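Here is the structure we will look at, set down as structure tokens.
The values are calculated or read from the model by the stated rules, or taken from the named source; none is laboratory data. The structure presented is a predicted model; accordingly, all values stated were derived computationally and were not measured. Here the Cβ is made from the backbone with ideal geometry for all residues, glycine too, and neighbour counts use every protein chain on show.
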Amino acid sequence: MKQLLIGIVILSLVGMVSCGGGSSSSPQATSGNISGTLTVGGPINGASDLLVGLFPPGSTTPTLSADAGHVTSAAAGTAILTGRNIVYSFSEVPLATYDVGLYFLTGSTPTFLYRSGDIAITPTAAVLTNQDGAASFTGPGPYGTISGVTQVGGTWPDASQLVFIGFAPQSQPQNIYQWLVAQSQLNSGNIYFNVDKLAYGTYIVGLYGYDPVSHNVTVFGQLDNPVTISATTPDVAGANFPSNFAGDPGTDPLLNSIAGTVTLNGALPDGLFIYVAANTIPPQQGAPPSAVQVTQANVVNGKLAYTLPFLADGSYSVSIFSYDVNTHTATYFGQYSTNVAVSGGQTTSGIDFTADVTLL
């Protein structure tokens, strides 16, 4: 479901003007080249005029910058947005130390989505490639994820209206980060979402519609309470709320919890992301509806107590697994023997099972 929302905000794919030739990397060089790729994640935030620039360390005034169709300094620069990647290249750059910045302007003030560490262009290192980085439309990292489900009622709007999951910072509720969804993503009347690259903060989450002609935004449903992602809770599951295309139906459904213990046959290894989770049957795409991250510090006398909150009525599989953020693969090393049905806003306790840490 991960699509950038276009129509509210259109990010240009036009190539940049480029002028000037490359520089020699010999000790006699007086200028150099710098290039790389910036990968942009997260929902789009409404800023259409992105720029890539080279900044003196500590400065907010670029030495060179480029946008999608306009070079803003006398020297050459290119920046092309393709999907989630921005490929940039600056040539004939005066020898010095720079930071690479991805930003947009509010008046004359840059707001950075990404800023690298110091990069030195010297006579012996005048051609610098692969100066890559990761950014998010929601702002500088660190980042987390929010996942959940909205139960949708009513008739899907016609194609003239865009529908999106919105994430509004509580401090700036008028600035809604948008994640486009389509009618084809309905699963038994539900839309499941798992949105990553959200900068740490507190967000109002909802389902919205946007009319590109009138620019009106319609609220189809909102989570009653804002969601906070932080260093202690970077990944929040269970952002569940009802929606209706006739208007926000109001109060969130009464949610359930599953609780129990996992008995381990050894210590949990360090350096792994390990979760106890409740997943739909069959598993939906993306994060489980409810998950809690655990470490060895949570284990007492070989037992790990857990509670999985924010579960809509339904049947779930409960398991423990490690997750590799680089390969996006999960290794399961324990699971409750049967599916667990929950309803009525109750906590279902005694969901105890064992886990074999030697499988990790």
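Of all the criteria given as (1) in a loop (DSSP other than H, G, I, E, B); (2) touching a residue at least 60 places away in the same chain (Cβ under 8 Å), the one not satisfied by Ile281 is (2). Of all residue pairs spaced 6 or more apart or on separate chains, those with beta-carbon atoms under 7 Å, a first member in the stretch 217-228 that is assigned by TED's automatic domain parsing to the domain that holds Phe193 and aromatic (Phe, Trp, Tyr) and a second member that is surrounded by 15 or more Cβ atoms within 10 Å (Cβ to Cβ) and part of a loop (DSSP other than H, G, I, E, B) are Phe220/Phe245; Phe220/Asp248.
For the stretch 251-275: of the residues being of a type outside the set (Phe, Trp, Tyr) and under 21 Å from the mean Cα position of the chain (by Cα), which is nearest to Thr233 (Cα to Cα)? The qualifying residue nearest to Thr233 (Cα to Cα) is Ile274.
Where strands (runs of 3 or more DSSP E) sit wholly within the stretch 80-130, those with at least 2 residues that are in the same structural domain as Gly58 (by TED's automatic domain parsing) and aromatic (Phe, Trp, Tyr) occupy 85-94, 96-106, 109-115.
Pro269 fulfils the conditions (1) part of a loop (DSSP other than H, G, I, E, B); (2) without any contact (Cβ under 8 Å) to a residue 60 or more places away in the chain; (3) out of contact with any Gly (no Cβ under 8 Å at 6 or more places or on another chain) except for a single criterion, (2).
Checked against the criterion of being at pLDDT below 90 and under 16 Å from Leu207 (Cα atoms), the candidates Thr280, Thr251 yield just one match: Thr251. For the stretch 100-110, indicate whether the set of residues that are modelled with pLDDT of 95 or more, crowded, with 17+ Cβ neighbours inside 10 Å and more than 21 Å from Val205 (Cα to Cα) is non-empty. Within the stretch 100-110, one or more residues are modelled with pLDDT of 95 or more, crowded, with 17+ Cβ neighbours inside 10 Å and more than 21 Å from Val205 (Cα to Cα). Restricting Gly314, Gly350, Gly344 to those that are loosely packed, with under 13 Cβ neighbours inside 10 Å and closer than 24 Å to Ser188 by Cβ reduces the list to Gly344. Cβ-Cβ distances below 6 Å connect the following pairs, each with a first residue in the stretch 137-162 that is over 19 Å from Thr218 (Cα atoms), a second residue that is surrounded by 14 or more Cβ atoms within 10 Å (Cβ to Cβ) and among the β-branched types (Val, Ile, Thr), and a separation of six or more residues or different chains: Phe137/Ile44; Gly144/Ile229; Ile146/Val195; Ile146/Val227; Ile146/Val236. Checking each residue in the stretch 193-213 for being of a type in the set (D, E, K, R) and either within 10 Å of Phe167 (Cβ to Cβ) or part of a loop (DSSP other than H, G, I, E, B) (or both) picks out only Asp211. Of the candidates Gly189, Gly201, the single residue that is within 15 Å of Pro142 (Cβ to Cβ), outside the structural domain of Ile274 (by TED's automatic domain parsing) and surrounded by fewer than 20 Cβ atoms within 10 Å (Cβ to Cβ) is Gly201. For the stretch 214-238, a residue qualifies if it is at pLDDT 85 or above, out of contact with any Gly (no Cβ under 6 Å at 6 or more places or on another chain) and in a loop (DSSP other than H, G, I, E, B), and the qualifying residues are Ser214, Asn216, Leu223, Asp224, Asn225, Pro226, Ser230, Ala231. When the test is whether a residue is closer than 30 Å to Gln151 by Cβ, surrounded by fewer than 19 Cβ atoms within 10 Å (Cβ to Cβ) and not assigned by TED's automatic domain parsing to the domain that holds Thr150, Ala287 does not pass it.
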